[in-house]
1. So what is the relative contact order of segment 5-61, in percent, for Cα pairs below 8 Å that sit 6 or more residues apart?
2. Give the shape of segment 140-182 as rounded, prolate or oblate, defined through the alpha-carbon gyration tensor: a ≥ b ≥ c are the square roots of its eigenvalues, a/c under 1.5 means rounded, and otherwise the shape is prolate if a/b is larger than b/c and oblate if not.
3. With charges set only on the Cβ (+1 for Lys and Arg, -1 for Asp and Glu), what does the dipole of segment 6-59 come to about its Cα centre, in debye to the nearest 20?
4. Considering only protein heavy atoms and a probe of 1.4 Å, how much of the accessible area of the chain is carbon and sulfur, as a whole percent?
5. Could you order Thr3, Thr192 by accessible surface area, starting with the largest, using a probe radius of 1.4 Å?
6. Got a number for the accessible area of Leu109? Probe 1.4 Å, square angstrom, nearest 10.
7. Show Ser104, Ser35 ordered by accessible area, largest first, where the area counts protein heavy atoms only and the probe is 1.4 Å.
8. Which value in deg cm²/dmol, rounded to the nearest 500, describes the helix-derived mean residue ellipticity at 222 nm for the chain, given -39,500 (n - 2.57) per DSSP H run of n ≥ 4 and division by the residue count?
Amino acid sequence: MITLHHLNKSRSKRIIWLLEELGLDYQVKAYQRDSQTFLAPPQLKAIHPLGKSPVIEYQGKVIAESGMITEFLIDAHAAGLLSPEKGSNDYIEYLQWLHFAESSAILPLLLRMFVAKEGGKTQFLEAYAAAETDKILSYVNQSLAGKRYLVADKLTGADIMMSFIVELLVASGETAKYPHIATYAKQLAQHTNSIKAGDIEQQYDKS
């Protein structure tokens, strides 16, 4: 059985969705953020030195990083179903989007969030984070024009990875600025296992 070490209000919700989509036998070990610092509890460091989530235990191995977990599990259990055929042009595009979520896409959004939490006037960071966020989201929006999904006209691991970015945008109330992302958000939200993942995440959120 797979064990998912899940932190409330975190990116590990995507892995719940993935595991449900794959139909794999798994259990959730839940952790709660500190109510004051909003950081993960120190117990997670006993699983992985970084003390972050998601982390899975799979056949005696500890595997970290959302993109790695997603790519690994799909390759092992759903190659060609939740990913395009390896060697195809679609597969190259799929890998780009799968890793885009935790590389180019997340950084400006996190910077913007940290600036807002810190408050006060910045000399550079606030304007930079806003401009980079718009650049990234405009790119995603343009890429989704006329599409239901990011690649191959079907749900893939790339969409599951990007769902966190989309949810951040929905939560901030900015989807009107990016109409193709707004349509995409509705498409992802209607998936049965996406809804189930949200319900499971809420079940383990004690905050």
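The values are calculated or read from the model by the stated rules, or taken from the named source; none is laboratory data. Predicted model, so just to flag it, every value in this text is computed and none were measured. All Cβ positions, even for glycine, are placed from backbone atoms using ideal geometry, and neighbour counts span all protein chains on display. Only protein heavy atoms, including side chains, enter the accessible area calculation; ligands, DNA and RNA are left aside. Shrake-Rupley method; radii C 1.70, N 1.55, O 1.52, S 1.80 Å.
1. Relative contact order comes out at 40 percent.
2. oblate
3. For this selection, approximately 300 debye.
4. Summing carbon and sulfur atoms, their accessible area is 54 percent of the total for the chain.
5. Sorted descending by solvent-accessible area, the residues read Thr192, Thr3.
6. That residue has around 20 Å² of solvent-accessible surface.
7. Solvent-accessible surface, decreasing: Ser35, Ser104.
8. Rounded to the nearest 500, it is -16000 deg cm²/dmol.
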